[in-house]
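Below: one structure, written as structure tokens.
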Amino acid sequence: MTAILLLEQLLNGLQFAMMLFLMSAGLTLVFGVMGLINLAHGVLYMVGAFACAIIAGLTGSFWLGLLASLVAAAMAGALVEVGVIRKLYRRDHLDQVLATYALILIFSGGTRWLFGAFPLYLDVPQILSTPVNLFGLLDYSSYRLFIIAVGIAVALGLYFLIARTRLGMRIRAGKSDREMIAALGVDIRTLYTLVFALGAALAGLAGALLGALQSVEVGMGDSVLILAFVVIVIGGIGSIKGAFIGALLVGLVDTMGRFLLPYLFALVLPPDSAASIGGALSSVAIYILMAVILIVKPKGLIAANG
Amino acid sequence: MANLTIEHKLNIFLVLLLLVLPAIALILDEPFYITLATKVVILALAGVGLNLALGLGGLGSFGHAAFFGIGGYIAGILASHSLNAELMFSVLGVEFDGTTNMLLIWPLALLVSALVAVFIGYFSLRTKGVYFIMITLAFAQMIYYFAIAWPAYGGEDGLSIYVRNQFLGLNTLDPIIFYGICFSLLMSVLLLVWRLKNSHFGSALQAARQNEQRLAAVGIPPFGIKLTAFVISAMITALAGALFADLNRFVSPDMLSWHTSGEIMIFVILGGVGRLFGPVVGAGLFILFEYFLGGLTEHWALFLGIVLLAVVLFARGGLVGLIAGEVKHD
């Protein structure tokens, strides 16, 4: 194990974290502002990936595909919000769980019907397909660096949007007192649709970006959804800052765990069982992290508005 | 019969249905439908377990697959040691063998799941709401990955039980006999849950859901009540898991996955949270839809989704709520 390998894994962890942040930002906003548990968030990730793969396949341009993923996911989000989600805000969390679970079945079933069960492929764009040399130390995928950059840019953009703009002010106000802001004449229904579509677009973007690294298929959002929930719970539900910290923790702990634990166990165990025990423990690492954080801080690291 | 509510009548109808349908399948010599009914009964039992925590106590556990899987693995591990005539383990010279006797497997499944539930519940009950949902998921995921990585009992491939376990010398491989065992257990547990619900403990548990401060103010610590409910709930689901392993004669980490937790929760919500027979209706409808739609079209999941969505949007309080109306406080 060399320092270069370690650096490479750190960058991989950072890239994973940024993808998780893109997923979690929308989830935490929707929960924080509307009080809605949205299991269908993973579906929007899938929608983004499919839109990108199809448009990129038709036009030959990854960038048009990326744009399409944002538009398609935002539209799907807005549609779902107006058609279904809007009726659920005043309902029990359990009703929301069942309804959004039903949406997963509908979207996954519909996508399988339209595009079949075979995965689609999405290529990394030409300009980002060659590795770049970092500090004269290692060659690293420029596409993964691009994902990291997008994640940081989105985090800064969201911070600016929420802290500095009128829309952000309304979102924050909606979070703390929904009746009051409605009484002040803000169209809360449109605001909610907007927030939902924004979260959906970010999930779609994450799906499109990751689609080029994995295959684009039905059900690709399921495991990411669970991880995104882990992230927002660790960070504290409703807090964008919490989601960012949570994403960094989960991304780095998961990647570094998978990399380092087998080495650590190899110091005390025979290589065969070290690999299997290390592998198992690293899959569990983020859940242990979440359980410990919740035992110590039952409302996550950054409790938003109490 | 005059003072029976609609819900009582519905429950009686459901019991009769669970008695009559397999009997008809037996007469028509359609063992597959008996097996399908057995699956419904077992999954309903798992749901009844969760419903005790979720419906009465408001504890939305997203980790009940852990207990379902523990029950399954207890049955599978004991049976595999017994069938291979291997020693399980020995403590201080006392040797423990496996067994294929359900009357030994069930108590052990209940005991182990209770111990695990005390541990998980003790830490999880410090959190509330969505955080509780997620921390129970976290513990279940730990057990899931442990089962995958543990090579002794099949790891990711799971573990086969070559002969169904024994119950009082009956031929448990005969579908109708195994159905009878599962049905009797479901009825006994429903009776138990009904008695619990109307007991002092049940009242305290429902009070813990509605207003913890008031419960504490009348001198009952909510934590102990909720932990007890969580443990009983886990034990019921573990019993269902042991039966499920016997039904399929197979256990795998799938039983422990979060999909399983989700499905058990869906049975409860679909049927009606907190309704005694809610999980029976939920599991029954879910399995029947899955089976019959699956026979009609490969896109059954899409239609199942539409049905579920319609139920949430138009049937508040699940299907039992739709038929029997709001809960009466008499």
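The values are calculated or read from the model by the stated rules, or taken from the named source; none is laboratory data. Source: prediction; values computed, not measured. Glycine gets a Cβ as well: all are built from the backbone with ideal geometry, and neighbour counts include every protein chain shown.
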Criterion (crowded, with 18+ Cβ neighbours inside 10 Å, more than 30 Å from B:Gly274 (Cα to Cα) and away from chain B (no Cβ under 11 Å)) met by exactly one of A:Gly48, A:Gly57: A:Gly48
Test for B:Gly60: is it in contact with a helix residue (DSSP H, G or I) (Cβ under 9 Å, 6 or more places away or on another chain), within 14 Å of chain A (Cβ to nearest Cβ) and part of a helix (DSSP H, G or I): no
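Being more than 9 Å from every other protein chain (Cβ to nearest Cβ) and not acidic (Asp, Glu) narrows it down to one residue among A:Met256, A:Met290; which is it?
Residue meeting the stated conditions: A:Met256.
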Residue satisfying all of: in segment B:299-324; more than 21 Å from the chain's Cα centre (by Cα) and not in a helix (DSSP H, G or I); nearest to the other protein chains (Cβ to nearest Cβ) among these: B:His299
Subset tally (residues that are β-branched (Val, Ile, Thr) and either in contact with a Phe, Trp or Tyr (Cβ under 7 Å, 6 or more places away or on another chain) or without any contact (Cβ under 8 Å) to a residue 40 or more places away in the chain (or both)) for segment B:1-48: 8
Count of residues meeting criterion [farther than 20 Å from A:Ala74 by Cα and surrounded by fewer than 23 Cβ atoms within 10 Å (Cβ to Cβ)] in segment A:179-235: 14
Condition check for A:Ile106: within 19 Å of A:Met18 (Cα to Cα) and assigned to a helix (DSSP H, G or I): no
The one condition in (1) within 14 Å of chain A (Cβ to nearest Cβ); (2) closer than 30 Å to B:Glu212 by Cα that B:Ala149 fails to fulfil: (2)
Matching residues, segment B:84-135, being aromatic (Phe, Trp, Tyr) and more than 14 Å from chain A (Cβ to nearest Cβ): B:Phe89, B:Phe96, B:Trp106
Per-region count, segment A:161-197, residues out of contact with any Gly (no Cβ under 7 Å at 6 or more places or on another chain), part of a helix (DSSP H, G or I) and not β-branched (Val, Ile, Thr): 19
The lone exception for A:Ala74 - which of (1) at pLDDT 95 or above; (2) surrounded by fewer than 24 Cβ atoms within 10 Å (Cβ to Cβ) it fails: (2)
Residues that are part of a helix (DSSP H, G or I), closer than 14 Å to B:Leu313 by Cβ and within 13 Å of chain B (Cβ to nearest Cβ), drawn from segment A:60-93: A:Val80, A:Gly83, A:Ile85, A:Arg86, A:Lys87, A:Leu88
Every residue from segment A:130-160 that is touching a helix residue (DSSP H, G or I) at 6+ places or on another chain (Cβ under 7 Å) and not in a helix (DSSP H, G or I): A:Thr130, A:Pro131, A:Val132, A:Leu137, A:Leu138, A:Tyr140
Residue within segment A:12-34 that is surrounded by fewer than 23 Cβ atoms within 10 Å (Cβ to Cβ), within 16 Å of the chain's Cα centre (by Cα) and not hydrophobic (A, V, I, L, M, F, W, C) present: yes
So B:Ser124, is it under 20 Å from B:Ile236 (Cα atoms), modelled with pLDDT of 95 or more and out of contact with any strand residue (DSSP E or B) (no Cβ under 6 Å at 6 or more places or on another chain): no
Test: residue in segment B:277-286 that is crowded, with 24+ Cβ neighbours inside 10 Å, at pLDDT 90 or above and either aromatic (Phe, Trp, Tyr) or not in a helix (DSSP H, G or I) (or both): yes
Matching residues, segment B:275-298, being hydroxyl-bearing (Ser, Thr, Tyr) and within 11 Å of chain A (Cβ to nearest Cβ): B:Thr297
